[in-house]
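This report refers to the structure that appears directly beneath it.
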RNA sequence: GGCGGCGUAGCUCAGUUGGCAGAGCGAGGGUCUCAUAAUCCCUAGGUCCACGGUUCGAGUCCGUGCGCCGCUACCA
C-alpha cells in the first residue's frame with residue numbers, strides 16, 4: 001500500500017496551544033483521514049519544538065527549568081489534540097533522546113559532505129533581551145526593548161547555504177508543486193534569487209539546545225562543547241527523527257518507508273525556513289526533498305492577528321464544548337480558502353453552523369429519515385427501475401456523481417473550501433428536489449403509482465444523503481458517523497474506502513436507525529454570549545504557573561514613579577518640519593530637518609510607515625532636544641520626535657497642538 | 001525604497017483564452033408543511049478603486065495615480 005507522510009509544524013512551546021495551532025492540526029487530521037479513505041497508508045507526524053532562547057527565558061520567568069517548562073507545555077499540546085479528537089501517528093519532541101541522535105547524524109552527514117565551516121558571526125546584541133537584535137545597525141538601539149546594543153562577534157559553525165542557491169532555484173523550477181500557494185512560492189523564489197548568505201547553525205549565547213557533537217578532524221574540541229545547534233537546524237530535523245531517522249536498523253524502518261514527506265503543512269510565517277533552509281539541509285545530507293510544502297494563512301480573530309500579547313487568543317475548548325469539534329472543523333475548512341488568512345469570530349461560527357449545518361445538512365437528514373420512518377416503516381424503500389424515473393430523480397443522481405468528482409479533485413488539491421461548496425450544492429439540490437416532488441403529497445394520495453414515485457423520491461434523497469455523508473466524513477468524522485448510523489448503516493464509516501461511494505448504493509429494506517438531530521439549531525445571541533463567557537474563563541489558564549506574575553513584574557517596572565527632577569532632565573521643544581525625506585534602504589526611517597527657533601536639527605525618525613514625508617512639511621512637532629546624537633543608517637540624528645504609541649503594533653501618532661505655538665517653545 | 005499581490009452587490013468572495021456583471025451569507029416579501037420556526041421561490045439595478053490607452057467590444061489586456069497587504073534572512 002502506498003504511503004502518504006504528512007506533518008504539522010512542530011509547535012513552539014513558548015505559547016499554550018490556541019486555535020491557530022488547532023487549525024494546522026485539524027487540516028492535517030482531515031487530510032490524514034481523507035488519504036486513508038483513498039486507500040493510502042497515511043502517517044501524520046506532529047510534535048513540539050522545545051529549544052531556544054524564548055523557551056529558556058519563559059522557563060526562567062516561570063521559575064522552572066527549561067525541561068520542566070517544556071514538559072508541561074508539550075503535554076498541553078498533546079492533550080489538546082486528544083481533546084479535539086485529532087489523530088496522529090507520531091508525536092516528536094525536540095528534547096527526545098532519539099531526536100538528539102538524529103540531529104547529530106544529519107549534522108555529521110552535512111559535515112562530511114563539506115558544507116560546514118567555522119566562521120564568525122557579528123551582530124548587534126541586546127544584553128537586556130539576551131539576544132541578537134537583527135534589525136539594529138551598529139549604534140542603534142534594540143527594536144524590541146529600546147535598550148542599547150553592542151556589536152559582538154561570535155565564533156560559530158556555518159552551513160554553506162550560499163552553495164545551494166542555484167540548486168534550490170532549479171528545484172523550485174522543476175517542482176512547481178513544492179511550494180504552495182503560488183504567492184508564497186513567488187516570495188521564496190524572489191528571496192533566493194536575491195542571494196543567499198551562509199547560515200550560522202550553532203550558538204554559544206545560550207545553553208538550552210542540543211550540543212554539537214565533536215567533529216572528526218576538528219582541533220578545538222573543547223570549545224565545541226559550548227556550542228548548541230541553532231534551533232531551526234534542530235527543529236526541522238524533527239520531521240526525520242519523528243519517524244526514526246538516526247535509529248538502528250529496525251528503528252529506522254519507518255523513515256525508510258515514509259521519507260520523503262508528501263505534505264508538510266506550515267504557517268506562512270515560517271515558510272522560508274521550510275522552503276529554503278530545509279531543502280538545502282536535506283540536499284547537503286543527501287536526503288530527498290519533501291513533495292509539497294503548504295503554507296497556510298493566519299487565523300485572525302475579529303480582524304486582528306491572534307496572538308498572546310494581543311490578549312485575543314481563542315482556545316478551541318469552549319467552541320468544542322458548545323458547538324462540538326465538527327462544527328469548528330467545518331467552519332475552518334469551509335470559511336477559509338486554504339492558504340489565505342481568515343477571520344474567525346464566534347458570530348461567523350454560529351452563523352455558519354446554523355445556516356449550513358443545522359438548516360441545510362442536518363435538517364435534510366432529519367426530513368428524509370423522518371419520511372422514511374413514517375411512510376415506509378423505517379425501511380429504505382425500493383426505487384422504481386431507472387427507465388421509470390423522472391428527470392428530477394435522475395438529475396439528483398447525476399449531480400451526485402458530478403459532486404463526487406469535483407469534491408475529490410478539490411481535496412486532492414487541498415482546496416477544502418471548494419470541495420465543501422460542491423457538497424453543499426448537492427445538499428441544496430436535494431432540499432429543492434423534495435419541495436418540487438412533494439413526497440408528503442404523494443403519501444396522501446397513496447395510489448400505486450404515487451406510492452412508487454414516493455419510494456423513488458425518498459430512496460434518491462437518502463442515497464444523496466448517504467453520498468454527502470460519506471464525502472464529509474474526513475471533515476466531520478463524528479457527526480457523519482452519527483448520520484451514518486441513522487441511515488441504518490452498520491459498517492464503520494471511517495473504514496469505508498472512497499471508491500465505495502460509487503460502488504455501494506444504499507441497500508433497500510434496511511432498517512434505518514433512531515433519528516435525532518445531529519446539528520440542533522442554536523439561538524445565536526445566547527450561544528455567542530456563552531462562547532465569550534467560556535473563553536474568558538479559559539484565558540486565565542494556559543501557560544505554566546508564575547508566568548502571570550512575571551508579566552506583572554514587568555508592568556510594575558514600566559510604571560515606576562520618577563521625581564520631578566528626573567523629568568526636568570528631558571528637554572522637550574516645539575519644532576517645525578522643514579525637510580522630510582525617506583532614508584534610502586530603510587523602510588521605517590525618515591530624515592527630517594526640524595526648525596526649533598534657535599537652530600535647525602537633523603533628526604532621523606522611525607515614522608515612515610505612518611507618515612508620508614510630504615505631509616509632514618510645515619507641521620509642528622515635539623522633539624526631545626537634549627538627546628545624545630546617534631547615527632542611524634549613517635545619518636546623524638540629533639534628538640527624537642515625540643509620538644504616541646498606538647495599538648499593539650506601536651504605530652506612532654505625532655503630538656500636535658490645537659493652538660499655534662512658536663518654534664523652540666519648551667515643554668514642561 | 002525594491003519585488004510581488006490585491007481593490008467586483010451591506011459582508012465574504014467567484015469571474016476561465018476580452019463578448020450582454022455572478023455565488024453564498026445578511027435584509028425584505030411570499031410559499032409549502034416531510035423537517036431543526038427549517039426548506040423552496042422572488043427581490044441587490046453594484047461609478048466592477050480613479051484616470052488614460054489598445055479594441056467593433058475590457059471587471060478581464062497596457063500605462064499612470066490612489067489605497068490596502070505580503071516578502072525584503074540567522075527570535076521561533
Worksheet item: Across the stretch A:166-186, which residue is nearest to residue A:261 (Cα to Cα) among those that are in contact with a helix residue (DSSP H, G or I) (Cβ under 6 Å, 6 or more places away or on another chain) and within 12 Å of RNA strand B (Cβ to nearest atom)?
Response: A:168
Fill in: Count of residues meeting criterion [within 16 Å of RNA strand B (Cβ to nearest atom) and in contact with a helix residue (DSSP H, G or I) (Cβ under 8 Å, 6 or more places away or on another chain)] in the stretch A:61-73
4
Worksheet item: If you take the residues in the stretch A:274-289 that are free of Cβ contacts under 8 Å to residues at least 60 places away in the same chain and part of a helix (DSSP H, G or I), which one is farthest from RNA strand B (Cβ to nearest atom)?
Response: A:282
Discussion item. Looking at residue A:56 and the list (1) in contact with a strand residue (DSSP E or B) (Cβ under 6 Å, 6 or more places away or on another chain); (2) farther than 18 Å from residue A:261 by Cβ, which single condition is not satisfied?
Written reply: (1)
Worksheet item: Name the pairs whose Cβ atoms lie under 6 Å apart, with the first residue in the stretch A:161-172 and more than 17 Å from residue A:110 (Cβ to Cβ), the second within 11 Å of RNA strand B (Cβ to nearest atom) and in a helix (DSSP H, G or I), and 6 or more positions between them or separate chains?
Response: A:169/A:192; A:172/A:189
Worksheet entry | Meets criteria (within 14 Å of RNA strand B (Cβ to nearest atom), in contact (Cβ under 8 Å) with a residue 24 or more places away in the chain, over 30 Å from residue A:496 (Cα atoms) and buried (at least 22 other Cβ atoms within 10 Å of the Cβ)) for residue A:9 | no
Fill in: Criterion (more than 10 Å from RNA strand B (Cβ to nearest atom) and modelled with pLDDT of 90 or more) met by exactly one of A:201, A:189, A:210, A:271
A:210
Worksheet item: Tell me, which residue of the stretch A:37-58 that is within 15 Å of RNA strand B (Cβ to nearest atom) and surrounded by fewer than 24 Cβ atoms within 10 Å (Cβ to Cβ) is nearest to residue A:228 (Cα to Cα)?
Response: A:53
Practice prompt. Only residues in the stretch A:261-273 that are touching a residue at least 12 places away in the same chain (Cβ under 8 Å) count as the first member; pair them with residues that are part of a helix (DSSP H, G or I) and within 11 Å of RNA strand B (Cβ to nearest atom), Cβ under 6 angstrom, at least 6 apart or cross-chain, and list the lot.
Written response: A:271/A:184; A:273/A:232
Practice prompt. Test residue A:54 against the stated conditions and say whether it is at pLDDT below 95, within 24 Å of the chain's Cα centre (by Cα) and within 30 Å of residue A:158 (Cα to Cα).
Written response: yes
Worksheet item: For the stretch A:369-404, how many residues are in a helix (DSSP H, G or I), out of contact with any strand residue (DSSP E or B) (no Cβ under 8 Å at 6 or more places or on another chain) and more than 7 Å from RNA strand B (Cβ to nearest atom)?
Response: 20
Worksheet item: Is there a residue being within 15 Å of RNA strand B (Cβ to nearest atom), at positive phi and either over 36 Å from the mean Cα position of the chain (by Cα) or modelled with pLDDT under 95 (or both) anywhere in the stretch A:509-526?
Response: no
Discussion item. Consider the stretch A:405-446. How many of its residues are within 36 Å of the chain's Cα centre (by Cα) and closer than 19 Å to residue A:368 by Cβ?
Written reply: 9
Practice prompt. Select, from A:489, A:470, the only residue that is more than 31 Å from the chain's Cα centre (by Cα) and either under 25 Å from residue A:375 (Cα atoms) or crowded, with 16+ Cβ neighbours inside 10 Å (or both).
Written response: A:489
Discussion item. Against the definition (without any contact (Cβ under 8 Å) to a residue 12 or more places away in the chain, out of contact with any helix residue (DSSP H, G or I) (no Cβ under 8 Å at 6 or more places or on another chain), in a helix (DSSP H, G or I) and within 13 Å of RNA strand B (Cβ to nearest atom)), how does residue A:444 come out, yes or no?
Written reply: yes
Worksheet item: Any idea which residue in the stretch A:327-368 is farthest from RNA strand B (Cβ to nearest atom), counting only those that are in a strand (DSSP E or B) and surrounded by 17 or more Cβ atoms within 10 Å (Cβ to Cβ)?
Response: A:344
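The values are calculated or read from the model by the stated rules, or taken from the named source; none is laboratory data. If you're wondering where the values come from, they're calculated on a predicted model, not measured in any experiment. Please note: Cβ atoms are built from the backbone with ideal geometry, for glycine as well, and neighbour counts cover all protein chains shown.
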